[in-house]
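Report on the structure given below.
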Amino acid sequence: MEEAERRGWFGDTVTLEEQLRGLEFALAEAKGKTVLDCGCAEGWIGREFLKAGAAKVDAFDHSEYMVAEARKSLGERGRVELHDVNNPLPTWTEKQYDIVLALAIIHKGKHVAEIARRFATLTRDLFVVRLPRKSIGEFGSKHWTTNRVDMWVEMPRAGLTFERMVQGPKDEMVQYWRRAR
């Protein structure tokens, strides 16, 4: 196991407080809501949504270590599975969630447009996306540079309306997209 995986995502480089920067609006809406945390790491952000009153937090991550840690963080009010964002989503994600969190994950996948659309279809109300500042509109995959998506085109196609963008941790921005009613 790599040292970074043993330390966890937050490790020594970023605190939970920093990771929550920009999520204040979503946390304020959490009471009684269902949440899906895509790329949940240790589940600490999901745990904060539970503390804010979320009814349930489902989550997935590609690391066995992170999944085990997230299961501890979320307890019985969450479902956590091992999943790689580049593969079809687990069958339990076929339902919609009130809030879907895609925090620093879309740009790490191979087919960024497909991933963004899949996550958007799971959103009943609020889709929260965190991306590097340079990736806030049209952007490509971090690892597969020929695969691109334009959030300003894809999210309206998925029935989502841009609501706001706020500063996230470090050099990241948090976008809020709302399901049109």
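General remarks:
- Condition met for V80 (modelled with pLDDT under 90, part of a strand (DSSP E or B), touching an Asp or Glu at 6+ places or on another chain (Cβ under 9 Å) and closer than 26 Å to M173 by Cα): yes
- Taken as a whole, the structure places G22 among residues that are at pLDDT 90 or above, within 16 Å of the chain's Cα centre (by Cα) and at positive phi.
- The range 21-56 - residue that is of a type in the set (D, E) and part of a loop (DSSP other than H, G, I, E, B) and, of those, farthest from A102 (Cα to Cα): E29
- Pairs with Cβ under 8 Å, 6+ apart, first in the range 105-122 and more than 21 Å from V35 (Cβ to Cβ), second buried (at least 16 other Cβ atoms within 10 Å of the Cβ) and among the acidic types (D, E): A113/E154
- All positions within the range 95-111 that are buried (at least 17 other Cβ atoms within 10 Å of the Cβ) and at pLDDT 80 or above: Y97, D98, I99, V100, L101, A102, L103, A104, I105
- Some residue of the range 75-86 being at negative phi, in contact with a Phe, Trp or Tyr (Cβ under 6 Å, 6 or more places away or on another chain) and of a type outside the set (S, T, N, Q): yes
- Test: residue in the range 68-75 that is touching a helix residue (DSSP H, G or I) at 6+ places or on another chain (Cβ under 8 Å), part of a loop (DSSP other than H, G, I, E, B) and not hydrophobic (A, V, I, L, M, F, W, C): no
- Scanning the range 122-163 for residues that are among the β-branched types (V, I, T) and either modelled with pLDDT under 90 or farther than 24 Å from R181 by Cα (or both) returns I136, T145, T146, V149, V153.
- Qualifying residue in the range 46-56 (condition: within 16 Å of the chain's Cα centre (by Cα) and modelled with pLDDT under 90): no
The values are calculated or read from the model by the stated rules, or taken from the named source; none is laboratory data. Fair warning: this is a prediction, and the values are worked out from it, not measured in the lab. Glycine gets a Cβ as well: all are built from the backbone with ideal geometry, and neighbour counts include every protein chain shown.
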